[in-house]
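See below for the structure under consideration.
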């Protein structure tokens, strides 16, 4: 399990680099709007993530159609759960702390949420999207 998590993190770095690169290409060379560039870049990064996780991280032989549907559902589920928990946790934890500005609290919530997302996403992909046969 430890080595699959390391591979999962490597794939995460790769799909982030691909996704961000595509966003900037669409934005600056393609002249697309912010929302269109980020949506397309994120979509391409997710595709890279799916195929690399399927073959490299989890070495799955499950059908592409079945695992892709599960992948999309997992990404959406993990996103909404993790970012909701992270936001509410930081609001609760730092609600009466005037030391941190609203912007800093948001940045902390993003970091906590991203950590939760990574762990939950890994577990869901390992157990639900690409389970061992």
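The values are calculated or read from the model by the stated rules, or taken from the named source; none is laboratory data. As the structure is a computational prediction, the values presented were derived from the model and not from experiment. Please note: Cβ atoms are built from the backbone with ideal geometry, for glycine as well, and neighbour counts cover all protein chains shown.
Brief remarks on what is shown
- In this structure, residue 36 does not satisfy being in the same structural domain as residue 126 (by TED's automatic domain parsing), surrounded by fewer than 17 Cβ atoms within 10 Å (Cβ to Cβ), in a helix (DSSP H, G or I) and modelled with pLDDT under 95.
- Check on residue 106, assigned to a helix (DSSP H, G or I), over 22 Å from residue 4 (Cα atoms) and either over 15 Å from the mean Cα position of the chain (by Cα) or at pLDDT below 90 (or both): yes
- Subset of the stretch 56-66 (residues that are touching a residue at least 12 places away in the same chain (Cβ under 8 Å) and assigned to a helix (DSSP H, G or I)): 56, 57
- For the stretch 45-55, the candidate set comprises residues that are in contact with a helix residue (DSSP H, G or I) (Cβ under 6 Å, 6 or more places away or on another chain) and touching a residue at least 40 places away in the same chain (Cβ under 8 Å); within that set, the residue that is nearest to residue 124 (Cα to Cα) is 53.
- In the stretch 115-133, the residues that are buried (at least 17 other Cβ atoms within 10 Å of the Cβ) form Cβ pairs under 7 Å with partners that are not in a helix (DSSP H, G or I), at six or more places apart or across chains, as follows: 125/58; 126/58; 130/58; 130/60; 130/62.
- From the options 80, 89, residue that is at pLDDT 95 or above and part of a helix (DSSP H, G or I): 89
- Some residue of the stretch 6-18 being surrounded by fewer than 18 Cβ atoms within 10 Å (Cβ to Cβ), outside the structural domain of residue 129 (by TED's automatic domain parsing), assigned to a helix (DSSP H, G or I) and more than 14 Å from the chain's Cα centre (by Cα): yes
- The stretch 67-108 - residue that is in contact with a helix residue (DSSP H, G or I) (Cβ under 6 Å, 6 or more places away or on another chain) and free of Cβ contacts under 8 Å to residues at least 24 places away in the same chain and, of those, surrounded by the most Cβ atoms within 10 Å (Cβ to Cβ): 90
- Which numbered condition residue 42 fails, given (1) at pLDDT 90 or above; (2) assigned to a helix (DSSP H, G or I): (1)
- Count - residues of the stretch 119-133 that are part of a helix (DSSP H, G or I) and either modelled with pLDDT under 90 or under 11 Å from residue 74 (Cα atoms) (or both): 10
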